[in-house]
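Engineer: My questions will all concern the structure given below.
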């Protein structure tokens, strides 16, 4: 049951205003990914001025006791067009400068009449600042079935401080 006349709901932007509380709840529920030490793992592309395709390649970040795992959907991009690099010892960079290719190789003599299949943007860059406990020499990446998986191993935790009792004489 609506307290507003149908003409107001259909003919103006008032109906969209009624959804503001739900939108605010979704924003408030967002929590940036953090490492176990509370250090934020964030997408650094916008800070670096390199945000090509940033909204088009979603990423999931999973933290386990031994590693951080990044999952990116990259359907339609060949493995050879994806680069995974490390900048400044702490920024994981995932990018592609490739293009979507036809499976049959007939690229020259044809044109697409319709493109409806979801595909990763051919050019994108994602950058992530890694937490201090990341082992930057233990990074692996694989691309299978349109999903790029990048695993960053964690360093072992520092040893507990040793307590030495002092005898008072």
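Engineer: Quick check on the range 60-83: of everything there that is within 10 Å of the chain's Cα centre (by Cα) and surrounded by 16 or more Cβ atoms within 10 Å (Cβ to Cβ), which residue is modelled with the lowest pLDDT?
Structural biologist: Filtering the range 60-83 for residues that are within 10 Å of the chain's Cα centre (by Cα) and surrounded by 16 or more Cβ atoms within 10 Å (Cβ to Cβ), the one modelled with the lowest pLDDT comes out as 73.
Engineer: Residues of the range 107-140 being under 11 Å from residue 72 (Cα atoms) and either at pLDDT 95 or above or not in a loop (DSSP other than H, G, I, E, B) (or both), which ones?
Structural biologist: If the condition is that a residue be under 11 Å from residue 72 (Cα atoms) and either at pLDDT 95 or above or not in a loop (DSSP other than H, G, I, E, B) (or both), then 126 is the only one that fits.
Engineer: So residue 158 clears everything in (1) under 20 Å from residue 64 (Cβ atoms); (2) part of a loop (DSSP other than H, G, I, E, B); (3) modelled with pLDDT of 90 or more except one condition, right? Which one?
Structural biologist: (3)
The values are calculated or read from the model by the stated rules, or taken from the named source; none is laboratory data. Computed from a predicted model, the values in this text were never measured in an experiment. Quick reminder, even Gly has a Cβ in these numbers, built from the backbone with ideal geometry, and neighbours come from all protein chains shown.
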